[in-house]
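What follows is a short report on a single structure.
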Amino acid sequence: MTDTDRAQLLTAIRSGIAAAPNADAAMKQAVRLLKDAIPYYTWVGIYRIDGEELVLGPFLGQPSPHTRIPLGRGICGAAAIDKATIVVDDVQADPRYLACSLDTRSEIVVPIMNGPEVLGEIDIDSDQKAAFGPPDRALLEQVAGLLAEALSDASQ
Ligand code: SME
């Protein structure tokens, strides 16, 4: 995927989120557009914070057993505590990893932040090792920024 492709995808996601009638629809749009555009994004989902847990919202890919993850558990829980993106090039080498599919090789988790508050996370798994490079991270952090607006508007 070229930089131009990524810029076009971001524009499509921005439009999809802007046109969405509510936060759930906005999250579904983002998940659909990311999953359809990038073949090595094997599983794409969004978790939202609910008290001390992350709760799985819209996703595409194989159903995950991890529909509720306590903060601090798994790579998802670690990213929520760190309030920072985590990229894992080899999930089998990371003791924090909670398995969703046996085929998963790498993962990226990007927090959706409203100022200092974590609203949720974008979680993406790939069947390819070290699938997520700096361009993926940059794209997904921009998408997280767009989702932060949609999710914080919804909570007002
Ligand atoms: N791998 C995640 C759990 C979520 S599933 O991948 C969908 C983790 O370690 O937190």
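The values are calculated or read from the model by the stated rules, or taken from the named source; none is laboratory data. Worth saying up front: this structure is predicted, and the values here are computed from it rather than measured. Cβ atoms come from the backbone with ideal geometry, glycine included; neighbour counts cover every protein chain shown. SASA here: full protein model, heavy atoms, side chains in, ligands and nucleic acids out. Shrake-Rupley method; radii C 1.70, N 1.55, O 1.52, S 1.80 Å.
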Is there a residue being part of a helix (DSSP H, G or I), within 24 Å of Lys129 (Cα to Cα) and polar (S, T, N, Q) anywhere in region 41-50?
no
Within region 123-131, identify whether any single residue is of a type in the set (A, V, I, L, M), open to solvent by less than 10 Å² (accessible area, probe 1.4 Å), more than 11 Å from the ligand (Cβ to nearest atom) and within 25 Å of Thr2 (Cβ to Cβ), and answer yes or no.
no
Between a residue in region 30-51 that is more than 16 Å from Asp5 (Cα to Cα) and any residue that is basic (Lys, Arg) and in a helix (DSSP H, G or I), which pairs come within a Cβ distance under 7 Å, given they are 6 or more apart or on different chains?
Val44/Lys35
Mind listing just one residue for me: the one in region 67-95 that is touching a residue at least 12 places away in the same chain (Cβ under 8 Å) and of a type in the set (Val, Ile, Thr) and, of those, nearest to the ligand (Cβ to nearest atom)?
Ile75
Can you name every residue in region 48-66 that is at positive phi and either more than 9 Å from the ligand (Cβ to nearest atom) or open to solvent by 50 Å² or more (accessible area, probe 1.4 Å) (or both)?
Gly51
Pick from Ala30, Ala37, Ala23: which is of a type in the set (A, V, I, L, M) and either over 25 Å from Gly115 (Cβ atoms) or surrounded by fewer than 18 Cβ atoms within 10 Å (Cβ to Cβ) (or both)?
Ala37
